[in-house]
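S.K.: Before I ask anything, here is the structure I am working with.
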Amino acid sequence: MNAETNESTKTPTPLLGLSVAELAEIATGAPSYTAKQIRAFCFDGKSIDDMTSLGKDLRARLKRDYVSVPVTVEKVFSSADGSKKYLFKMTDGNLVEGVYMPHDYGNTLCVSTQVGCRMGCAFCASGMDGLIRNLSAAEILGQVVAVNSAEGGTAKKRAVTNIVLMGSGEPLDNYGNVLRFLDEVSAEDGLNVSERNISLSTSGLADRMRNLADSGHKVTLSVSLHSPFDDKRSQLMPVNRKYHIADLMAAARYYFEKTGRRVIVEYTLIDGENDDEASAKELVKITRGFPAHINLIRLNEVKEKSLKRPDAKKANEFLALLQSMGASATLRRSFGGDIEGACGQLRRRVLAEKNAEKRIAQPATDNESEGRKESAKPRRSKFTTV
Ligand code: SAH
Ligand code: SF4
């Protein structure tokens, strides 16, 4: 694992994802194959210290200003259902989450694209403190590399086979870095993940959805809808005040027309908010006319919010209603319910713990927190840590 320390005080530059030409400039004087080797070592998740074939002097030189992978695993939480929640630490101390879900057909990793989120959805823990900062392409990539190597994989023989951009953050609000991430993760001399195995979930930035359709990338696009009615959707997702449902569905259709990829409509069932018959009927109506699949999930309750999870019976009835009207729909099992499954919850809880510990250690005036401006109310909790 990448647990190296860097002696200089400034944030080290990541080598992960740099091109062979860029690496050759950094490793001046080294044989010509060295840059290629460094690039491959980074994708394998090796620390600079572990790149022993490079020679001591070059490693020492690299360590002055660089880090191989700019993400370390801070903690891992195992769920009874087999999934694992990873808490990642960036080189500036910021924390983000990911979830690793092993399946028969492959292993899916959910990664974050921002620290926090500025979209402010009513049901989501990630957006509660707003946006702290965008993650760089190397930091998004670093989450994949860190888990792949922690789970025993290498770049050539990957443990992580599928990737979903569904952790904290709105990927299309960090468009440039997310596109660079897609380039690197799918590069043959990168992780070589087919875009068929990558999903990007958006709250519905319609203009950017069109840009993505035009970009040449062909990832699976998931659109978080959560209500087919503009007034309700605007309450749940403030982004709807800018991009109404009609704009959103037109952009989803455009994505299908450009890429040939069926669009996934994410629909989180929230008790008494969007799980009624009228919502089901309207949902089927607006997703007709182009290949779309409706993915239902029951809300993961967030402690600070009053929104409730409907019971399984109600969720199954909603599903049956959609299917009886001819819609393609499934009810997804939510992973990691016992390990703060909803995105953003785990980070908040760990920060709260850290703050509580600091308060105990420094009871007087120090209320500085981990990372840049992280803050959350202290609360005691129990985890399963491995
Ligand atoms: N910002 C993007 C991707 C990250 S959120 C988006 O909103 O699509 C990934 C998915 O988790 C979205 O569909 C989002 O609506 C959903 N989600 C967020 N909080 C949730 C919660 N508490 N319970 C269930 N789903 C949630
Ligand atoms: Fe941001 Fe997505 Fe959470 Fe909304 S659901 S606040 S867009 S991460």
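The values are calculated or read from the model by the stated rules, or taken from the named source; none is laboratory data. No experiment lies behind these values; they were computed from the predicted model shown. Here the Cβ is made from the backbone with ideal geometry for all residues, glycine too, and neighbour counts use every protein chain on show.
S.K.: Pull out all pairs, ordered by first then second residue, where Cβ-Cβ is under 7 Å, the residues are six or more apart or on different chains, the first lies in the stretch 152-173 and is on the phi > 0 side of the Ramachandran plot, and the second is surrounded by fewer than 19 Cβ atoms within 10 Å (Cβ to Cβ).
M.R.: The qualifying pairs are GLY152/ALA159.
S.K.: Does the stretch 43-57 include one or more residues that are under 15 Å from LEU141 (Cα atoms) and among the aliphatic types (A, V, I, L, M)?
M.R.: no
S.K.: Next question. When both residues are 6+ apart or on different chains and their Cβ atoms are under 7 Å apart, which pairs have a first residue that lies in the stretch 93-116 and is in the same structural domain as ARG158 (by TED's automatic domain parsing) and more than 20 Å from TYR175 (Cβ to Cβ), and a second that is in a loop (DSSP other than H, G, I, E, B) and of a type in the set (Ser, Thr, Tyr)?
M.R.: Qualifying pairs under 7 Å: GLU97/SER112; GLU97/SER168; GLY98/SER112; VAL99/SER83; TYR100/SER83; MET101/SER83; GLY106/THR161; ASN107/THR161.
S.K.: Continuing with the same structure: Can you report the number of residues in the stretch 151-174 which are within 20 Å of ASN94 (Cα to Cα) and either out of contact with any Ser or Thr (no Cβ under 6 Å at 6 or more places or on another chain) or away from ligand 1 (no atom under 13 Å from the Cβ) (or both)? Can you show your working first?
M.R.: Step one: filter the stretch 151-174 for residues within 20 Å of ASN94 (Cα to Cα), giving 165-171, 173-174.
From what's left, either out of contact with any Ser or Thr (no Cβ under 6 Å at 6 or more places or on another chain) or away from ligand 1 (no atom under 13 Å from the Cβ) (or both): 173.
Total satisfying the criteria: 1.
S.K.: Determine, yes or no, whether LYS232 is within 30 Å of ALA312 (Cβ to Cβ) and part of a helix (DSSP H, G or I). Don't jump to the end; show me each part of the working.
M.R.: On the way: within 30 Å of ALA312 (Cβ to Cβ): yes; part of a helix (DSSP H, G or I): yes.
Yes, satisfied.
Yes/no matrix, rows are residues, columns are (1) more than 15 Å from ligand 2 (Cβ to nearest atom); (2) of a type in the set (A, V, I, L, M); (3) under 27 Å from GLY216 (Cβ atoms); (4) part of a strand (DSSP E or B):
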| residue | (1), (2), (3), (4) |
| --- | --- |
| ASN240 | no, no, no, no |
| PHE256 | yes, no, yes, no |
| ARG261 | yes, no, yes, no |
| GLY272 | yes, no, no, no |
| ASP275 | yes, no, no, no |
| LEU283 | yes, yes, no, no |
| ASN300 | no, no, no, no |
| LYS303 | yes, no, no, no |
| LYS308 | yes, no, no, no |
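S.K.: Return the total of residues in the stretch 106-122 being among the β-branched types (Val, Ile, Thr) and near ligand 1 (Cβ under 7 Å from one of its atoms). Steps first, please.
M.R.: Applying the first criterion (among the β-branched types (Val, Ile, Thr)) to the stretch 106-122 yields 108, 111, 113, 115.
Next cut, near ligand 1 (Cβ under 7 Å from one of its atoms) only: none.
Here the count works out to 0.
S.K.: Limited to the stretch 151-175, what total is found for residues that are small (Gly, Ala, Ser), surrounded by fewer than 18 Cβ atoms within 10 Å (Cβ to Cβ) and touching a strand residue (DSSP E or B) at 6+ places or on another chain (Cβ under 9 Å)?
M.R.: 1
S.K.: Just give me the residues in the stretch 28-54 being modelled with pLDDT under 95, assigned to a loop (DSSP other than H, G, I, E, B) and surrounded by 13 or more Cβ atoms within 10 Å (Cβ to Cβ), in sequence order.
M.R.: Result: ALA30, single match.
S.K.: Now a separate question. From ARG208, ARG196, ARG241, which residue is basic (Lys, Arg), assigned by TED's automatic domain parsing to the domain that holds ILE163 and surrounded by 18 or more Cβ atoms within 10 Å (Cβ to Cβ)?
M.R.: Exactly one of ARG208, ARG196, ARG241 is basic (Lys, Arg), assigned by TED's automatic domain parsing to the domain that holds ILE163 and surrounded by 18 or more Cβ atoms within 10 Å (Cβ to Cβ), namely ARG208.
S.K.: What number of residues within the stretch 144-174 are closer than 24 Å to PHE123 by Cβ and either assigned to a helix (DSSP H, G or I) or within 16 Å of ligand 2 (Cβ to nearest atom) (or both)?
M.R.: Looking only at that region, the number is 11.
S.K.: What residue, of LEU54, LEU15, is in contact with a Phe, Trp or Tyr (Cβ under 7 Å, 6 or more places away or on another chain) and within 20 Å of ALA155 (Cα to Cα)?
M.R.: When all the criteria are applied, what remains is LEU15.
S.K.: Spot the failing condition for GLY167; the list is (1) at pLDDT 95 or above; (2) under 17 Å from the mean Cα position of the chain (by Cα), and only one is missed.
M.R.: Among (1) at pLDDT 95 or above; (2) under 17 Å from the mean Cα position of the chain (by Cα), GLY167 violates only (1).
S.K.: Next question. Among the numbered criteria (1) within 30 Å of VAL239 (Cβ to Cβ); (2) surrounded by fewer than 19 Cβ atoms within 10 Å (Cβ to Cβ); (3) within 16 Å of ligand 1 (Cβ to nearest atom), which one does SER83 miss?
M.R.: That leaves (2) as the condition not met.
S.K.: Looking only at residues in the stretch 104-157 that are modelled with pLDDT under 95 and acidic (Asp, Glu), which one is nearest to PRO238 (Cα to Cα)?
M.R.: Per the criteria, the residue is ASP129.
S.K.: From (1) away from ligand 2 (no atom under 13 Å from the Cβ); (2) in a loop (DSSP other than H, G, I, E, B), pick out the condition that doesn't hold for MET101.
M.R.: MET101 satisfies all of (1) away from ligand 2 (no atom under 13 Å from the Cβ); (2) in a loop (DSSP other than H, G, I, E, B) except (2).
S.K.: Taking only the stretch 123-133 into account, find how many residues are within 13 Å of ligand 1 (Cβ to nearest atom) and either in contact with an Asp or Glu (Cβ under 9 Å, 6 or more places away or on another chain) or in a strand (DSSP E or B) (or both). Working first, answer last.
M.R.: Quick first cut of the stretch 123-133, residues within 13 Å of ligand 1 (Cβ to nearest atom) only: 123-128, 131.
Of the ones still in play, those that are also either in contact with an Asp or Glu (Cβ under 9 Å, 6 or more places away or on another chain) or in a strand (DSSP E or B) (or both) are 123, 125-128, 131.
So the answer is 6.
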